[in-house]
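Q: Next up is a structure, given as structure tokens.
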Amino acid sequence: MRKAFFNTLVELAHQDERIFLLTADLGYMALETFADTFPKRFLNVGVAEQNMVGLATGLAEAGYIPFTYTIAPFSVLRPYEFIRNGPIYHQLSVRIVGIGGGIEYSKDGIAHYGIDDIGVLRVQPGITILTPADYEQASTALSATWNIPGPVYYRLSKDDKSVVKEMNGHFELGRAQIIDKGKDVLIIALGSITHEAVKATDILRQHGIFSTIMIVSCVSPPPIHDIVDTMSRFKFVVTVEAHYIIGGLGSLISEIIVEHGLSCSMIKCGIRNTPNGVCGSQNFIYDMHGLTGERIAEVIRNKIDNISLRK
Amino acid sequence: MVQVKNRHVSSYWIKRIILDCSKRANTGHIGSALSIADIIAALYSDVLKISSPKDPDRDRFVLSKGHAAVALYAALYLKGWISEDEINNYHNDGSTLGVHPDHKVSGIDFSTGSLGMGLSFGAGAALAARLQNSSRRVFVLVSDGECNEGSLWESVIFAAHHKLSNLTVIVDLNGQQALGYTDEVLNLSPLANRWNAFDWNVYDIDGHDTSKIIETIKSLNTQTGQPNVLIAHTVCGKDVSFMEHRIKWHYWPMSDAEYQQALEEIEGKYEKSIL
């Protein structure tokens, strides 16, 4: 996703001289093309994320469209107050790019996990929050939003290969993407963990359970119409996110269910406890938190045994 | 009630407006505002090149110690960028002139209020000016207590490394912070040495000598070399005897009697001709 995102950014930067890229000393083998092509519009600011966002604020006030880049928690949590008082409050076109959203840096421990980035940003009304599901969508999402007013957060995955087949890279601001059209259960997935939702769907199909997958790649503004319209056809909804269950997608869907008086039961698949210090592959950590396709399918099967499915 | 017939920026009028606004609003931060009144007077009378607050090529000013905003509001009023109604509505319900400056107010480039942020905004603004081949300059006013903030030093390092000579910081060195004297809370003395060690050009000056402030700033090399910092030695509560050097006047509002005494003392410091 990172390659596609920055390849697209390079194309856009050829068209618009306002695009500027800042990194807090991360992005080896990811930012070189931009840096080599536009050396005057690229800056490694050093390991100083707060200053990076402050600099971006000053640059944006003067008309630039600065992108800040580092690993998700460093891009959001360390400079959070700078993001809030700077680009959000001033409504400036700063783009915060966080790589490895979720637990992609699975062996690096909690410091590198982006499992609360959406939660802390979602409370801020003045920032667009995007969570592309695959590299194709990372590219289309950037093309659709790079020059919108106000700040944007792009939560990127390191996965440059996998695609969500039926999605075809489609992205629309304020909309969700829907794939599969099963009638038994609605799985709502946040960004790149959609791949696990797809695996769960394949497993469930073998057991005669048919799912619809709704991909939320635009968290703010939330795709409320799509969510309400789709959820109203289901009795049972499962949210899947590489994020704490509080503050992220599960919270968003809960809010929508209550605000719109929907009558569906819901299970949140996400991270429920502070990580316990055990490291491993992403799949291993996903499994610990019930986020593999197999674990998601298991939860759904257990639930479905106990309810009458269709509305 | 603030009403100045022939508006022009001067130390006297800035101090007078600080007292008038603070008394009417029954609010504090008076000592902090008086501490920077002469610096603000210098900047807005003869330093900042701002043909209009909307001119994209204007000099930028960041009041990073945002809690002294009433001093800045006074200057903006004296420049004619905010109206008499606005200045007299300071702190009232619905006013945009709050304790800390907001960029929605004409003449304010960046909202501040959380210490340790303003210099990074200013460094970004200075970098932008350089990239755009503009001769505009950026001035950031920070407090000495603000130098406790680690984030400030991130920006100090950055500006020195990138030789942002178009960036000038003024440190309001009054030796006080909210709950105590700076050398007792977190001692950074001598502060000039700290900035010098970070490779800034350092100028130790009297922060109440407006002529000297203007002269020093005009003498700076803004084309090449290191960024410049004026370590401005100031007195918190300057020119009001019962406020000077007193921690209480970081937050405390004035009684009627204190206001009258403060007015008399300020007026006593200046020639009748400018009153």
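The values are calculated or read from the model by the stated rules, or taken from the named source; none is laboratory data. Remember, predicted model here, so these are calculated numbers, not experimental data. Every residue, glycine as well, gets a Cβ built from its backbone with ideal geometry; the counts of neighbours run over all protein chains shown. Each accessible area value is taken on the protein alone, full model and side chains, heavy atoms only, with ligands, DNA and RNA left out. Shrake-Rupley method; radii C 1.70, N 1.55, O 1.52, S 1.80 Å.
Q: Kindly establish whether B:Ser64 is hydroxyl-bearing (Ser, Thr, Tyr), in contact with a Leu (Cβ under 9 Å, 6 or more places away or on another chain) and under 18 Å from B:Val171 (Cα atoms).
A: So B:Ser64 fits the description; yes.
Q: Go through the stretch A:235-251 and give me each residue that's touching a residue at least 40 places away in the same chain (Cβ under 8 Å) and open to solvent by 10 Å² or more (accessible area, probe 1.4 Å).
A: A:Lys235, A:Tyr244, A:Ile246, A:Gly247, A:Ser251
Quick grid of which residues meet (1) farther than 20 Å from B:Thr182 by Cβ; (2) in a helix (DSSP H, G or I):
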site: B:Leu76; (1), (2): yes, yes
site: B:Ala129; (1), (2): yes, yes
site: B:Val142; (1), (2): no, no
site: B:Cys147; (1), (2): no, yes
site: B:Ser155; (1), (2): no, yes
site: B:Leu164; (1), (2): yes, no
site: B:Ile170; (1), (2): no, no
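Q: How many residues does the stretch A:49-65 hold that are within 17 Å of A:Asn85 (Cα to Cα), in contact (Cβ under 8 Å) with a residue 24 or more places away in the chain and within 7 Å of chain B (Cβ to nearest Cβ)?
A: Residues meeting the conditions: 7.
Q: Take the residues in the stretch A:172-192 that are open to solvent by 10 Å² or more (accessible area, probe 1.4 Å) and of a type in the set (D, E, K, R); name whichever of them is farthest from the chain's Cα centre (by Cα).
A: Once the filter is applied, the top-ranked residue is A:Lys183.
Q: Next question, about the same structure. I'd like to check which strands (runs of 3 or more DSSP E) are fully inside the stretch A:19-132 and have at least 1 residues that are open to solvent by 10 Å² or more (accessible area, probe 1.4 Å), in the same structural domain as A:Thr8 (by TED's automatic domain parsing) and over 30 Å from A:Glu196 (Cβ atoms).
A: By residue number, A:42-44.
Q: Among (1) open to solvent by 50 Å² or more (accessible area, probe 1.4 Å); (2) at pLDDT 90 or above; (3) among the aromatic types (Phe, Trp, Tyr), which single condition is B:Tyr251 missing?
A: Unmet condition: (2).
Q: Under 6 Å by Cβ, and 6 or more places apart or on different chains, what pairs join a residue from the stretch A:164-187 that is without any contact (Cβ under 8 Å) to a residue 40 or more places away in the chain with one that is among the aromatic types (Phe, Trp, Tyr) and surrounded by 14 or more Cβ atoms within 10 Å (Cβ to Cβ)?
A: A:Gly182/A:Phe210
Q: Hey, another quick one. Do you know which residues across the stretch A:160-169 are crowded, with 17+ Cβ neighbours inside 10 Å and out of contact with any His (no Cβ under 8 Å at 6 or more places or on another chain)?
A: A:Met167, A:Gly169
Q: Still on this structure: Here's a check for you: in the stretch B:142-163, which residue that is more than 9 Å from chain A (Cβ to nearest Cβ) and not hydrophobic (A, V, I, L, M, F, W, C) is most open to solvent (accessible area, probe 1.4 Å)?
A: B:Lys163
Q: Name, by its number, the condition in (1) of a type outside the set (A, V, I, L, M); (2) more than 30 Å from B:Ser120 (Cβ to Cβ); (3) open to solvent by less than 30 Å² (accessible area, probe 1.4 Å) that does not hold for B:Thr216.
A: (2)
Q: Quick test for you: out of B:Ser64, B:Ser32, pick the one residue that is in contact with a Cys (Cβ under 7 Å, 6 or more places away or on another chain) and crowded, with 24+ Cβ neighbours inside 10 Å.
A: Step by step, each of B:Ser64, B:Ser32 is checked, and only B:Ser32 is in contact with a Cys (Cβ under 7 Å, 6 or more places away or on another chain) and crowded, with 24+ Cβ neighbours inside 10 Å.
Q: Same structure again: Of everything in the stretch B:124-141 that's over 18 Å from B:Ser51 (Cβ atoms) and within 13 Å of another protein chain (Cβ to nearest Cβ), which residue is surrounded by the fewest Cβ atoms within 10 Å (Cβ to Cβ)?
A: Among residues in the stretch B:124-141 that are over 18 Å from B:Ser51 (Cβ atoms) and within 13 Å of another protein chain (Cβ to nearest Cβ), the one surrounded by the fewest Cβ atoms within 10 Å (Cβ to Cβ) is B:Asn133.
Q: In addition: Could you tell me which of the residues A:Ser211, A:Ser220 is of a type in the set (Gly, Ala, Ser), open to solvent by 10 Å² or more (accessible area, probe 1.4 Å) and at pLDDT 95 or above?
A: A:Ser220
Q: Sticking with this one: Does B:Ile108 fit the bill of being outside any helix (DSSP H, G or I), β-branched (Val, Ile, Thr) and within 12 Å of another protein chain (Cβ to nearest Cβ)?
A: Here the answer is yes, as B:Ile108 does meet what is asked.
Q: Might you check whether a residue that is under 21 Å from the mean Cα position of the chain (by Cα), outside any strand (DSSP E or B) and farther than 30 Å from A:Ile88 by Cα occurs anywhere in the stretch A:241-260?
A: No, the stretch A:241-260 has no match at all.
Q: Would you tally the residues in the stretch B:1-22 being open to solvent by less than 20 Å² (accessible area, probe 1.4 Å) and not in a loop (DSSP other than H, G, I, E, B)?
A: 10
Q: How many of the residues in the stretch B:198-235 are in a loop (DSSP other than H, G, I, E, B) and not acidic (Asp, Glu)?
A: Total meeting the criteria: 14.
Q: Name every residue in the stretch A:264-274 that is assigned to a loop (DSSP other than H, G, I, E, B), touching a residue at least 12 places away in the same chain (Cβ under 8 Å) and open to solvent by 30 Å² or more (accessible area, probe 1.4 Å), in order of residue number.
A: Selection gives A:Arg272, A:Thr274.
Q: Could you go through the stretch B:92-102 and let me know if any residue there is surrounded by 24 or more Cβ atoms within 10 Å (Cβ to Cβ), in contact (Cβ under 8 Å) with a residue 12 or more places away in the chain and either closer than 29 Å to A:Asn51 by Cα or in contact with a Phe, Trp or Tyr (Cβ under 7 Å, 6 or more places away or on another chain) (or both).
A: Within the stretch B:92-102, one or more residues are surrounded by 24 or more Cβ atoms within 10 Å (Cβ to Cβ), in contact (Cβ under 8 Å) with a residue 12 or more places away in the chain and either closer than 29 Å to A:Asn51 by Cα or in contact with a Phe, Trp or Tyr (Cβ under 7 Å, 6 or more places away or on another chain) (or both).
Q: Failed condition for A:Ser93, given (1) of a type in the set (S, T, N, Q); (2) out of contact with any Leu (no Cβ under 9 Å at 6 or more places or on another chain); (3) more than 22 Å from B:Asn133 (Cα to Cα), with all others met?
A: The failed condition is (3).
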